[in-house]
Every structure is written in structure tokens, then in C-alpha cells.
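Novice: My structure is below; once you've seen it, I'll send some questions.
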Amino acid sequence: MERVITVTVRFSHGADDGWTVDDSAREMAELTANTGVELVDNIICLRDRPTASLLIGSGKAEELALICAAENVDTVIFNKDLTGTQQRNLEDIIGKRVIDRTQLILDIFARHAASGEGKAQVELAQLEYMLPRLAGRGKLLSRPGGGIGTSGPGETKLETDRRRIRKRIDSLKRDLRDLNSHRQLLRKKRKEQELPLVALVGYTNAGKSTLLNALCNAGQKVQNALFTTLDPLSKSLQLPCGENVVLTDTVGFLHDLPHNLIEAFKATLEETAHADLLVHVIDCSHHLAYEHASSVRQVLEQIGAQDIPVVTALNKLDLLEDKSWLAALQADMPRPVAISAKLGTNLDKLLSEIEKEFKGRMTRVELLIPHSRMHLLDQFYRHGRVESVEYLAEGVMVRGNLPSVEAKRMQDACSERGQ
Ligand SMILES: Nc1nc2c(ncn2[C@@H]2O[C@H](COP(=O)(O)OP(=O)(O)OP(=O)(O)O)[C@@H](O)[C@H]2O)c(=O)[nH]1
Ligand SMILES: [Mg+2]
């Protein structure tokens with residue numbers, strides 16, 4: 001098993017948004033968990049400011065070299081992003097592979113990507129991360145088929161690698177654009193059917209997939225791990241008023257989510273940006289709940305979803321002991337509902353809060369469906385909420401609620417026959 005140590009660096013210069021160094025160290029441990037490595041140690045390094053050549057001081061780097069030799073470590077993971085130069089210099093001193101948090105996150109994404117689109121998005125993010133860091137790494141990247149003799153006169157190995165990577169990046173972008181136009185088509189279809197979209201958003205591991213499963217019986221994979229979900233999954237959900245909405249679960253957010261990743265996942269995240277309502281799932285038992293929420297808001301801004309109405313689901317209520325903490329969160333978050341997705345607590349309250357957003361869209365109708373048009377009864381059940389059905393000589397009298405557009409369509413269909 002690969003043995004790793006994480007290095008959590010904290011600079012006294014620069015904002016850290018309420019995170020303590022221990023919080024950052026814990027996050028590094030959570031990120032490495034479930035990646036199949038053995039976490040040997042977590043080294044904390046406090047400094048005034050970063051150094052250009054090593055990020056940390058050379059004394060500390062040498063100390064790391066000794067620890068790595070003694071502990072037989074294979075890889076050292078830094079919690080701060082490293083430049084190509086810093087990474088190379090650190091590897092020279094420490095004598096082991098050195099990666100940073102972004103590479104670690106990209107690795108986790110690569111492990112969890114299941115769909116073709118997910119895989120392409122991750123590969124794109126990885127290559128874009130790699131490209132500016134190529135200098136001096138030509139040897140490491142060389143692959144069969146691309147060696148000396150295949151490139152034009154005067155070209156170095158590095159340039160070939162660069163060119164190959166750029167080509168691959170272009171082709172991935174093309175593939176993703178195609179997939180995106182398919183997604184746009186689906187979105188258009190949904191719009192035509194007037195189905196509102198409700199998107200579950202939140203910090204990774206907050207319980208979004210658990211909530212989707214609880215509300216829609218979705219069978220979405222749930223795990224106590226970061227970034228379990230990468231591919232968006234949509235399920236239809238009928239609200240108590242009868243309105244049908246589409247509920248989507250998608251990739252979770254993290255503070256300082258690598259920029260490349262957000263870029264590469266733009267298409268997936270766009271689903272969120274097109275939602276009519278966001279349900280912001282927060283793990284209210286986490287002591288960083290506020291920090292998590294503000295990271296989520298930052299990502300929402302980055303993808304242009306900051307103006308969509310939000311209902312807050314304060315999840316994992318069953319794990320929360322301090323009720324005053326809950327009261328504070330309820331006072332500070334928009335339209336809060338405290339729930340436990342796992343135990344199914346207060347899901348009805350959450351649904352009625354969601355429903356407020358769409359209630360105006362439903363109309364009460366009384367419809368006499370002729371015998372020859374019985375499929376309309378089926379449609380009524382599918383699109384709305386039926387209150388009563390009465391069998392009469394001239395047809396079936398249905399009373400209930402329908403989305404306004406649907407009501408009009410059905411009334412037209414019924415009266416066509418009558419003329
Ligand atoms: N105790 C408790 N645990 C919960 C609750 N909701 C979710 N969990 C647990 O929290 C962990 C993460 O749940 P997920 O539903 O996978 O979280 P997610 O937000 O989809 O996470 P990612 O897809 O990884 O971003 C799992 O171990 C769940 O069982 C809850 O209400 N109470
Ligand atoms: Mg999930």
C-alpha cells in the first residue's frame with residue numbers, strides 16, 4: 001500500500017476564512033481516506049509567508065526528507081498548491097514524489113468518475129493542471145510512441161509532450177461540447193413540459209444523495225467520503241400540492257475547489273445554474289457549517305447561480321446535540337428546515353417549504369373527460385393531484401390540481417371532442 005504523509009502549511013499572512021490549521025489538517029486526512037493509501041503522518045508547518053522556491057523553508061524540507069526516509073514514505077501531499085518549480089525542488093530535497101491538494105482532489109475525482117462525460121471532465125482538468133507545470137518534467141511524461149524521432153527538426157521532447165497534451169485538451173473540449181448540446185436538448189424538453197428543476201447543492205458529504213434517495217427512492221450511492229457523487233442524477237418528485245418537479249443531485253463543493261475543476265465541470269454545474277430552486281443541504285452537526293455554507297455560496301457565484309431562490313436543509317439533525325447552534329443556523333440561513341435525511345425526519349416540512357415556490361403554478365380544475373379520451377385521466381394523475389373521480393353517463397368527472405399549462409391543454413382536449 002502506498003504510504004503517504006500530508007503536510008498542512010499555514011501562513012500567518014493571508015486570510016484563512018475561519019479555518020484553523022487543525023481543520024485543514026483534518027480535511028487533508030478526509031481527502032486521503034478512501035483513496036487506498038496509508039496515511040502515515042500529518043505534518044503541520046506554520047510560516048510567515050511562502051517561499052518562491054519551496055513554499056516552505058529549506059530546513060523544514062530537509063526535516064521532511066528525514067521523516068520520509070525513516071517512515072518509508074512514498075508520497076508527500078501538500079495542502080497548498082505548488083508551482084512546477086516548487087514541486088520539483090521539493091522532490092529533489094525530499095527524494096519522494098510530491099503532489100499538492102489539487103492533484104489529490106483530481107485523483108479522487110478520477111477514481112469516482114463513472115460516465116463518459118465525468119471521465120472526460122476529469123481528464124481535461126488533469127491535463128490543464130499539468131500543462132503549465134511541464135517544464136523540466138519531460139522525462140516523467142514520456143510515453144512510448146512519442147519519443148525522439150517522431151518530432152520535427154529542432155523540437156525538444158517537452159514541446160512534443162506539450163503539443164500532444166494540447167491536442168488532447170482540444171479533443172476533450174470538443175467531446176464535452178457535444179455532450180453539452182445533448183444536455184441542452186434535454187433541458188429544452190423539460191422546459192417545454194414546464195417541469196420545474198430543483199437542484200440539491202451543498203458541501204461534499206453533507207447528505208445530498210441521501211436526501212435524494214429519501215425523497216425519490218433513487219438508489220443513489222451514499223458513502224461517508226468526499227466526492228462520492230460526480231455525475232448529475234435527476235429524478236422526478238411529486239410535491240404534496242400535486243406539482244411535479246425534477247430533483248437533481250450533483251457534485252458536492254469544497255472550499256478552494258481547484259479552478260480547473262470548476263472550469264471542466266462547467267457543463268455539469270450548469271444544471272444547477274438553470275434550476276428554479278436550490279435546496280442547500282448543510283451538515284448542521286459540523287462545526288464548520290458556516291464556513292461550508294460560504295464556500296458553497298462562492299461556487300454558486302462562480303457558476304452564476306447566486307440569484308436562484310434557496311431553501312436551506314439543515315441536515316444530520318440526529319447528530320446535533322447543541323440546540324443553540326441549530327437556532328443560530330436557523331436564524332442565519334434562508335428558509336431553513338432542520339431535517340435528518342437518514343432517518344426521514346421533517347421531510348414533509350422540507351417539501352412544503354419547497355412547494356411554496358411552485359404553488360402559484362397550480363390551478364384547481366374540474367374536468368369532464370369523455371369516455372373516448374380516457375388517456376387524459378392518466379395524464380391528470382401523472383401531471384397533477386387528483387382529488388376525486390366520479391363516473392357519469394357522459395364521461396368521468398375529475399377534480400383536482402394541475403399546473404396551469406397542463407390544465408389549459410387538457411381542457412382544450414376535452415372540449416374538442418364535445419364540438
Ligand atoms: N447521521 C446522519 N448521517 C447522514 C444524514 N444524511 C447523510 N448522512 C451520512 O452522511 C454521509 C454522506 O452522505 P451522502 O448522501 O453521500 O452525501 P453527499 O452530500 O451526497 O456527498 P458527496 O456526493 O460525496 O458530495 C453518509 O455516510 C450518509 O449516511 C443524516 O441525516 N444523519
Ligand atoms: Mg452524493
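Novice: What pairs come out if I take residues in the stretch 379-391 that are closer than 20 Å to D412 by Cβ and pair them with residues that are among the small types (G, A, S) and surrounded by fewer than 17 Cβ atoms within 10 Å (Cβ to Cβ) whose C-beta lies under 8 Å away, six or more apart or interchain?
Specialist: Partner pairs satisfying both residue conditions: none exist.
Novice: Just for the stretch 248-264: of the residues that are among the β-branched types (V, I, T) and within 13 Å of ligand 1 (Cβ to nearest atom), which one is surrounded by the most Cβ atoms within 10 Å (Cβ to Cβ)?
Specialist: At the first step, the residues of the stretch 248-264 found to be among the β-branched types (V, I, T) are 248, 250-251, 262.
So of that shortlist, the ones also within 13 Å of ligand 1 (Cβ to nearest atom) come out as 248, 250-251.
Details: T248: 21, T250: 23, V251: 27.
Here the answer is V251.
Novice: Let me ask something additional. Scan T85, T20 and give me the residue that is of a type in the set (V, I, T), farther than 27 Å from V251 by Cα and surrounded by fewer than 19 Cβ atoms within 10 Å (Cβ to Cβ).
Specialist: Unique residue meeting the criteria: T85.
Novice: Tell me which residues, restricted to the stretch 367-378, are surrounded by 12 or more Cβ atoms within 10 Å (Cβ to Cβ) and in contact (Cβ under 8 Å) with a residue 24 or more places away in the chain.
Specialist: Scanning the stretch 367-378 gives L367, L368, I369, P370, H371, R373, L376.
Novice: For the stretch 172-185, indicate whether the set of residues that are at pLDDT below 80 and in contact with a Leu (Cβ under 7 Å, 6 or more places away or on another chain) is non-empty.
Specialist: Scanning the stretch 172-185, I find no residue that is at pLDDT below 80 and in contact with a Leu (Cβ under 7 Å, 6 or more places away or on another chain), so the answer is no.
Novice: For V222, which of the numbered conditions (1) modelled with pLDDT of 85 or more; (2) in contact with a strand residue (DSSP E or B) (Cβ under 9 Å, 6 or more places away or on another chain) fails to hold?
Specialist: (2)
Novice: Take R409 and tell me if it is assigned to a strand (DSSP E or B) and among the charged types (D, E, K, R). Spell out the reasoning first.
Specialist: On the way: assigned to a strand (DSSP E or B): no; among the charged types (D, E, K, R): yes.
In short, no.
Novice: Name the one entry in F380, F358 that is modelled with pLDDT under 90 and under 26 Å from the mean Cα position of the chain (by Cα).
Specialist: F358
Novice: Then there's this: Cβ-Cβ under 6 Å, sequence separation 6+ or interchain: first residue in the stretch 221-246 and within 15 Å of G360 (Cα to Cα) and surrounded by 18 or more Cβ atoms within 10 Å (Cβ to Cβ), partner of a type in the set (S, T, Y) and at pLDDT 85 or above. Which pairs?
Specialist: N244/S236
Novice: Give the residue, chosen from L54, L31, L64, that is in contact with a helix residue (DSSP H, G or I) (Cβ under 8 Å, 6 or more places away or on another chain), within 20 Å of S295 (Cβ to Cβ) and either surrounded by 13 or more Cβ atoms within 10 Å (Cβ to Cβ) or assigned by TED's automatic domain parsing to the domain that holds F253 (or both).
Specialist: Values: L54 fails: within 20 Å of S295 (Cβ to Cβ); L64 fails: within 20 Å of S295 (Cβ to Cβ).
Testing whether each residue is in contact with a helix residue (DSSP H, G or I) (Cβ under 8 Å, 6 or more places away or on another chain), within 20 Å of S295 (Cβ to Cβ) and either surrounded by 13 or more Cβ atoms within 10 Å (Cβ to Cβ) or assigned by TED's automatic domain parsing to the domain that holds F253 (or both) leaves just L31.
Novice: Against the conditions (1) hydroxyl-bearing (S, T, Y); (2) within 16 Å of ligand 1 (Cβ to nearest atom); (3) at pLDDT 90 or above, where does S234 fall short? Just the number, please.
Specialist: (3)
Novice: Are there strands (runs of 3 or more DSSP E) fully within the stretch 180-297 with at least 2 residues that are away from ligand 2 (no atom under 11 Å from the Cβ) and under 24 Å from D322 (Cβ atoms)? List them. Break it down into steps so the answer makes sense when it comes.
Specialist: On the way: elements: 197-202, 233-238, 244-249, 277-283.
Qualifying strands (runs of 3 or more DSSP E): 277-283.
Novice: Quick one: would you say V386 is in a strand (DSSP E or B) and at pLDDT 90 or above?
Specialist: Numbers: in a strand (DSSP E or B): yes; at pLDDT 90 or above: no.
Criteria not met by V386.
Novice: Looking only at the stretch 190-215, how many residues end up being in contact with a strand residue (DSSP E or B) (Cβ under 7 Å, 6 or more places away or on another chain) and away from ligand 1 (no atom under 13 Å from the Cβ)?
Specialist: 6
Novice: May I pose another question? Starting from the stretch 193-211, keep only residues that are within 15 Å of L317 (Cβ to Cβ), then list their pairs with residues that are assigned to a loop (DSSP other than H, G, I, E, B) and near ligand 2 (Cβ under 9 Å from one of its atoms) whose Cβ atoms are within a distance under 6 Å, requiring at least 6 positions of separation or different chains.
Specialist: Taking only residues 6 or more apart or on different chains, the pairs are T210/V222.
Novice: Ok, one more. Return the residues of the stretch 56-114 that are under 21 Å from the mean Cα position of the chain (by Cα), part of a helix (DSSP H, G or I) and free of Cβ contacts under 8 Å to residues at least 40 places away in the same chain; say none if nothing qualifies.
Specialist: Result: Q103, A110.
Novice: Condition first: among the small types (G, A, S) and more than 16 Å from ligand 1 (Cβ to nearest atom). Now tell me which residues in the stretch 302-355 satisfy that.
Specialist: Scanning the stretch 302-355 gives G304, A305, S324, A327, A328, A331, S352.
The values are calculated or read from the model by the stated rules, or taken from the named source; none is laboratory data. All of these numbers come straight from a predicted model, not from anything done at the bench. We place every Cβ from the backbone using ideal geometry, glycine too, and count neighbours over all the protein chains shown.
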